[in-house]
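Beneath this line is the structure, given in structure tokens, with notes to follow.
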Amino acid sequence: DKDKATFFDAARKNHDNPARLAKWIVNELLPEVDDDDKLEDLPVEPGRIAKLETLFDDGEITNTASGQTLEIMLEEGGDPEAIIERQGLEKVEDESQLQSIVEEVLESHPDEAERFKDGEMKLMGFFIGKVMEETDRTADPEKTREILQEVGMGNEK
């Protein structure tokens, strides 16, 4: 469809990976847009959509933060970086901050924490989920996993 092609071409000028951009537009943007709406009438420019996808693709924000930012952009337009900063959606990557959050989560679930420390690694997903809840889904999941693996192996920091 011409409307989608025009939007994609405009966004592509601000993005270095057309395949990833196209996938993101199809999977993230289009489901949020009514079939009757023309992409050119959205309050957000194609270049800013490309910028949001780049932030996600580069790992600067989580999938959840990407979706929340997209919702705001579709309602009111705006720069994705400014929205992310204003809404506090930056990815939590600071290891000491994540370590503190992990410790709080473990303390809040002593029975599960004990089983986890005794080697029940299937609880990894449970604790990652709890850390994500505590950070409004902005924690870096890989760093969180690394910290929890150290705890699970009995190597708490």
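Nothing in this text is a laboratory measurement; each read-out follows from the coordinates by a stated rule. None of the values given here were measured: they were computed from a predicted structure. Please note: Cβ atoms are built from the backbone with ideal geometry, for glycine as well, and neighbour counts cover all protein chains shown.
Conditions tested, residue by residue: (1) closer than 30 Å to Val33 by Cβ; (2) surrounded by fewer than 12 Cβ atoms within 10 Å (Cβ to Cβ); (3) among the polar types (S, T, N, Q).
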residue	(1), (2), (3)
Met73	yes, no, no
Pro80	yes, no, no
Glu90	yes, no, no
Glu95	no, no, no
Met121	no, no, no
Met124	no, no, no
Val131	no, no, no
Thr138	yes, no, yes
Thr144	no, no, yes
Condition met for Val33 (farther than 22 Å from Thr138 by Cα and either in contact with a Leu (Cβ under 8 Å, 6 or more places away or on another chain) or among the polar types (S, T, N, Q) (or both)): yes
Residue under evaluation His15, criteria (1) assigned to a helix (DSSP H, G or I); (2) crowded, with 20+ Cβ neighbours inside 10 Å, criterion not met: (1)
Some residue of the range 41-55 being touching an Asp or Glu at 6+ places or on another chain (Cβ under 7 Å) and surrounded by fewer than 17 Cβ atoms within 10 Å (Cβ to Cβ): yes
Residues of the range 49-73 classified as in contact (Cβ under 8 Å) with a residue 24 or more places away in the chain and more than 9 Å from the chain's Cα centre (by Cα), total: 11
Entirely in the range 46-157, the helices (runs of 4 or more DSSP H) that have 3 or more residues that are of a type in the set (A, V, I, L, M): 46-57, 63-76, 80-87, 95-108, 124-134, 141-152
Count of residues meeting criterion [in a helix (DSSP H, G or I) and either basic (Lys, Arg) or within 27 Å of Gly129 (Cβ to Cβ) (or both)] in the range 35-45: 0
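Could you grab me the full set of residues in the range 18-40 that are closer than 14 Å to Leu70 by Cβ and either surrounded by fewer than 18 Cβ atoms within 10 Å (Cβ to Cβ) or of a type in the set (Val, Ile, Thr) (or both)? Lay out the reasoning, then the answer.
Restricting attention to the range 18-40, the residues satisfying the condition of being closer than 14 Å to Leu70 by Cβ are 21, 24-33, 39.
Scanning the range 18-40 gives Ile25, Val26, Asn27, Glu28, Leu30, Pro31, Glu32, Val33.
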